[in-house]
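For reference, the structure discussed in these notes is given below.
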Amino acid sequence: MTSDGLVTAHLRHVLEDSLADTSGERATDVPQLADADPDLFGIALATLDGHVHAVGDVDVRATLQSLSKPFAYALAVADLGVDEVRRHVDVEPSGEPFDAISISPTTDRPRNPMINAGALAATSLVRGADPDERAERVRALCSGLAGRELDVDEDAAAAELESGQRNRAIAHLLLAHGRLGVDDPEDAVRAYVRQCALLVDVRDLAVMAATLAGGGVNPLTGRRVLETWVVRHVLSVMLTCGMYDAAGDWVATVGLPAKSGISGGLMAAVPAELGVAAWSPRLDPHGRSVRGLAAVRRLSAEMDLHTLHVHRGGRPPVRSSTTLADSPSSRERGPEDAARLARDGHRSLVLALHGDVLFAAAERVVRAVEESQEGLEAVVVDLRAVDEVVPAAARLLRALPRALPGGGRRVFVVDPAGLLDGALSTQGSRDDGAGGDDDGGPVVVGDVDEALAAAEDRVLGRADAPRAQGDAEVDGGAPRP
Ligand code: GLN
């Protein structure tokens, strides 16, 4: 064995601490589960730049079982949209065993897609001519998430098809309540047992979780396999419903979207950070891996992974706030203009942002403009040190000219990477009509000196704004008084 790096050593420590725990029982549903070596135990952690730390029994493959549920659900949501899928499956924690033959009497739907009732409904909604095609599409998606082609354990699939009377009963119940996407309950069961029989090892599980954590981009292949809005929805359901009963305790103590399966696998996604997985066959009474649970609980605590932990609340998004008097352009000015800029340069705002511009950052910018509106002639918002602008923030920044008399031709956004336009072209981001108003958007330029010079021209009462990039410049500027 080569010597471990620090992070791998941490995983090994967690693994060794839990080895002594031999409580719980293997699943007995099919021989492939009942015959598993109960002492096997592996832990893996996959980063978003594609490194996998793994310890223990990392190369043993086992069937996905319920770990396939979030992925089949994701495919149904990607195919049909959240609303259509929710007409068949709700998103409420159930507090029931995963294989309960039940439908909510209040909503007349299965309670969520992480229990068998909801999973069978979700799988039946996946597009495909027949169960094999639906199962093949789930297999292809799971392969994309794992970063390698996954195989079906045909014996496990056949055994579960043979013994799966509870799932058959559930599928018939779903049909009776109009919650199945196919006419024949047997079709739903057929596709479902194939997704449950996909073979993975603990590294695959960690990479699959990391793909969710990365918003749908596989960290090994760099390929986008799910859209971000689908991932957001699936992670939400995993957070509240993925661990079956005791959902409140899971969110409060571990705080990670996660999923378990009766083969002993458990995966958890840490959004924008990493994926973790553990695998060991002995299960607690809810069908969750005893050691897997202990490992993920511990890693969450020791690595500060709880998604609702506030790591740096209130870091100011505005890195610096000056005026043209303090931050002049390099343009040569004649004595008269120089004197006027010296006198009036403070009637401007130059705001430099950094990091990720979320809604609150854009709110801060708009408020800064609104609060200093008296006599304000020009605003420069510098996005050069910004990594990402979320659509809600981009819409607010685009509407910024409305906060200033004189409109778009007085507001300059330095955005060489095109973050604003990129965010505004994101799906669904234009829906609320915050942009596209008759005030026009700001003037977007690539170069900060160009923006400062143009802002100075505004203070000097010159009308000639620079040429905007793309079509961002809209004439909304009233003549200067
Ligand atoms: N194939 C299993 C079943 O349908 C999956 C259950 C699980 O992993 N929780 O019963």
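Net charge within 12 Å of A188 by Cβ-Cβ distance, Lys/Arg positive one each and Asp/Glu negative one each, not counting A188 itself?
Values: positive: R134, R168, R179, R190, R194; negative: D130, D183, D184, E186, D187.
Every neighbour counted, the sum reads 0.
Counting residues in the chain as N, plug N into 2.2 N^0.38 Å and put the Cα Rg over that result. Intermediate values should be presented prior to the final figure.
Values: Rg = 27.6 Å, N = 481, 2.2 N^0.38 = 23.0 Å.
After normalising by residue count via 2.2 N^0.38 Å, the value is 1.20.
Over region 250-310, what is the relative contact order in whole percent, taking alpha-carbon pairs under 8 Å and six or more residues apart?
Working: 108 pairs, mean separation 20.9, N = 61.
Relative contact order here is 34 percent.
Just order 148-160, 249-261, 269-281 by mean Cβ neighbour count inside 10 Å, highest at the front, would you? Present the calculation step by step, with values, prior to reporting the outcome.
On the way: 148-160: 17.3, 249-261: 22.4, 269-281: 26.4.
Top of the packing list down: 269-281, 249-261, 148-160.
Output the Kirkwood hydrodynamic radius of region 225-369, Cα pairs only, in Å rounded to one decimal.
Numbers: mean 1/r = 0.0519 Å⁻¹.
Result for region 225-369 stands at 19.3 Å.
What is the distance in Å between the Cα centres of region 83-128 and region 275-297?
Region 83-128 and region 275-297 have Cα centres spaced 23 Å from each other.
Could you give the distance between the Cα centres of region 247-273 and region 221-242, to the whole Å?
Each part reduced to its Cα centre gives a spacing of 13 Å.
Order the following by accessible area, largest value first: S289, S330, S372. Probe radius 1.4 Å; ligands, DNA and RNA are ignored. Numbers along the way, then the final one.
Working: S289 0, S330 90, S372 40 Å².
The most accessible residue leads, giving S330, S372, S289.
Where the centre of each part is set by its Cα atoms, how far does region 344-423 sit from region 26-68, in angstrom?
49 Å
Order these peptides, 345-357, 126-138, 192-204, by their mean beta-carbon neighbour count within 10 angstrom, highest first. Don't jump to the answer; show the numbers that get you there.
Details: 345-357: 20.7, 126-138: 18.9, 192-204: 26.8.
Highest to lowest by the protection proxy: 192-204, 345-357, 126-138.
Could you give the length gained on full extension between D83 and E273, defined as 0.36 nm per residue of separation minus the Cα-Cα distance, in nm? Please list the in-between numbers first.
Details: separation 190, 0.36 × 190 = 68.40 nm, distance 2.87 nm.
Result for the pair: 65.5 nm of gain on full extension.
Along its three principal axes, how long is region 84-150 when you only count alpha carbons? Whole Å, largest extent first please.
Per principal axis, max minus min of the Cα coordinates gives 40, 24, 19 Å.
What net charge is computed for the residues neighbouring L351, neighbours being all others with C-beta under 9 Å from the C-beta of L351, Lys and Arg scored +1, Asp and Glu -1? Walk me through the numbers on the way to the answer.
Numbers: positive: R319, R364; negative: D382.
In short, +1.
Quick one: work out the % antiparallel among DSSP beta bridges in the chain, nearest 5. Mind showing how you got there, number by number?
Details: 30 of 46 bridges.
Antiparallel bridges make up about 65 percent of those DSSP assigns within the chain.
Over the chain, calculate the relative contact order: mean separation of alpha carbon pairs under 8 Å at least 6 apart, over the residue count, as a percent. Show your work: numbers first, answer last.
Numbers: 1062 pairs, mean separation 67.2, N = 481.
Here the relative contact order equals 14 percent.
Let me know the volume per residue of the alpha-carbon convex hull for region 111-234, in Å³. All intermediate terms of the calculation are to be shown ahead of the outcome.
Numbers: hull volume 13.1 nm³, N = 124.
Enclosed volume per residue, from the Cα hull, is 106 Å³.
Where does the charge balance sit around D108 when Lys and Arg score +1, Asp and Glu -1, over other residues with C-beta under 10 Å from its C-beta? All intermediate terms of the calculation are to be shown ahead of the outcome.
On the way: positive: R109, R179; negative: D90.
That works out to +1.
For region 101-187, what does the relative contact order come out to in percent, with C-alpha contacts under 8 Å and a separation of six or more?
On the way: 80 pairs, mean separation 32.7, N = 87.
Averaging sequence separation for qualifying contacts and normalising by length gives 38 percent for region 101-187.
Divide, for region 1-149, the radius of gyration over alpha carbons by 2.2 N^0.38 Å, where N is the residue count. It would help to have the intermediate numbers written out before the result.
Numbers: Rg = 18.6 Å, N = 149, 2.2 N^0.38 = 14.7 Å.
My calculation over the Cα atoms of region 1-149 gives 1.27.
The values are calculated or read from the model by the stated rules, or taken from the named source; none is laboratory data. Please read these numbers as outputs of a predicted model, since none were measured by experiment. Positions of Cβ are generated from backbone atoms using ideal geometry, with glycine treated the same way; all protein chains shown enter the neighbour counts. With ligands, DNA and RNA removed, areas are computed over all heavy atoms of the protein, side chains included. Shrake-Rupley method; radii C 1.70, N 1.55, O 1.52, S 1.80 Å.
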